[in-house]
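Note sheet for the following structure.
The values are calculated or read from the model by the stated rules, or taken from the named source; none is laboratory data. Every value quoted in this text rests on a predicted model; they were computed, and no experiment measured them. Note that each Cβ is placed from the backbone with ideal geometry, even for glycine, and that neighbours are counted across all protein chains shown. We work out accessible area using only protein heavy atoms, side chains counted, and drop any ligands, DNA or RNA first. Shrake-Rupley method; radii C 1.70, N 1.55, O 1.52, S 1.80 Å.
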Amino acid sequence: MFQDKEMVNDYLAGLNASLTGYSNIIAQTNNVELRQTLISLRNQDESRQRTLYSYALQKGHYKPAAPASEEVVQQLKNQLMNDMQN
């Protein structure tokens, strides 16, 4: 039988995969109505993912990576800005 942690992590992985799938499909959809429907579905899954993430964090089922230092964040911002300008 699945334990709470396994069920939460499995569902979280599924939601994360669906969000990736929605992004790919939305980017390639030409039909405006279908695109809006997919965006709505993606937004609902993002909300579910955030709720489940918060639950997993609270229960100790998930431990996020250590936060990046301000220096690393600034380097990444600079790199992204440079990439956008080129």
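Looking at the structure I just gave you, is Glu46 of a type in the set (Asp, Glu), modelled with pLDDT of 95 or more and more than 19 Å from the chain's Cα centre (by Cα)?
Judged against the criteria, Glu46 is not a match.
Going through Leu12, Leu41, Leu57, Leu80 one at a time, which residue ends up being assigned to a helix (DSSP H, G or I), free of Cβ contacts under 8 Å to residues at least 12 places away in the same chain, surrounded by 11 or more Cβ atoms within 10 Å (Cβ to Cβ) and on the phi < 0 side of the Ramachandran plot?
After ruling out the rest, the residue left standing is Leu57.
Name the one entry in Gln75, Gln58 that is more than 21 Å from the chain's Cα centre (by Cα) and polar (S, T, N, Q).
Answer to the check: Gln75.
Quickly run through the stretch 60-77 and pick out the residues that are out of contact with any helix residue (DSSP H, G or I) (no Cβ under 8 Å at 6 or more places or on another chain), surrounded by 11 or more Cβ atoms within 10 Å (Cβ to Cβ) and not hydrophobic (A, V, I, L, M, F, W, C).
Gln74, Gln75
Can you tell me which residue within the stretch 18-32, out of those that are of a type in the set (S, T, N, Q) and closer than 30 Å to Val8 by Cβ, is least open to solvent (accessible area, probe 1.4 Å)?
Checking each candidate, the answer is Ser18.
Against the condition free of Cβ contacts under 8 Å to residues at least 24 places away in the same chain, open to solvent by 70 Å² or more (accessible area, probe 1.4 Å), assigned to a helix (DSSP H, G or I) and under 17 Å from Thr20 (Cα atoms), how does Arg35 come out, does it pass?
Yes: the conditions hold for Arg35.
Confirm whether Tyr62 is of a type in the set (Phe, Trp, Tyr), touching a Phe, Trp or Tyr at 6+ places or on another chain (Cβ under 8 Å) and free of Cβ contacts under 8 Å to residues at least 60 places away in the same chain.
Here the answer is yes, as Tyr62 does meet what is asked.
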